[in-house]
1. Six or more apart or on different chains, Cβ atoms under 7 Å: show the pairs whose first residue is in the stretch 72-95 and within 13 Å of Ile31 (Cβ to Cβ) and aromatic (Phe, Trp, Tyr) and whose second is open to solvent by less than 60 Å² (accessible area, probe 1.4 Å) and at pLDDT 90 or above.
2. Restricting to the stretch 40-52, what's the tally of residues that are without any contact (Cβ under 8 Å) to a residue 40 or more places away in the chain and over 18 Å from His81 (Cβ atoms)?
Amino acid sequence: LRLLPRQRYLQAERAEVSALERKRNILCCLITRILKVEKQLHIDNLVFRVIDACQKGEFGPGLQFLSFCCHSVDVLSCVLHLLNQGYLRRQEERPHVLEY
């Protein structure tokens, strides 16, 4: 009987998945926080404001210590996720404007 070493790559994959989920959750919260204040916003302006908040580390109370790289693709992915969940909607006459 031979003992095999623990498979560390599985632990690494779980850690990466967990980090990606946290990043997505933070971005979704940031998007909804911005749109709650603004009520409606052009999608380009929303992406720039989220990226700017990520670069400055302005995530809100209790999350200032977090820092991560944020790209427009990440933000747009979260916007699509929130649209599919029904948290955001597009204006019919102007689909590039998002509303909370």
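1. What qualifies is Tyr87/Thr32.
2. Summing the residues that are without any contact (Cβ under 8 Å) to a residue 40 or more places away in the chain and over 18 Å from His81 (Cβ atoms) in the stretch 40-52 gives 3.
The values are calculated or read from the model by the stated rules, or taken from the named source; none is laboratory data. Bear in mind the structure is a predicted one, so any value in this text is a computation, not a measurement. Please note: Cβ atoms are built from the backbone with ideal geometry, for glycine as well, and neighbour counts cover all protein chains shown. Just so you know, the surface numbers come from the protein's heavy atoms only, side chains and all, with ligands and any DNA or RNA stripped out. Shrake-Rupley method; radii C 1.70, N 1.55, O 1.52, S 1.80 Å.
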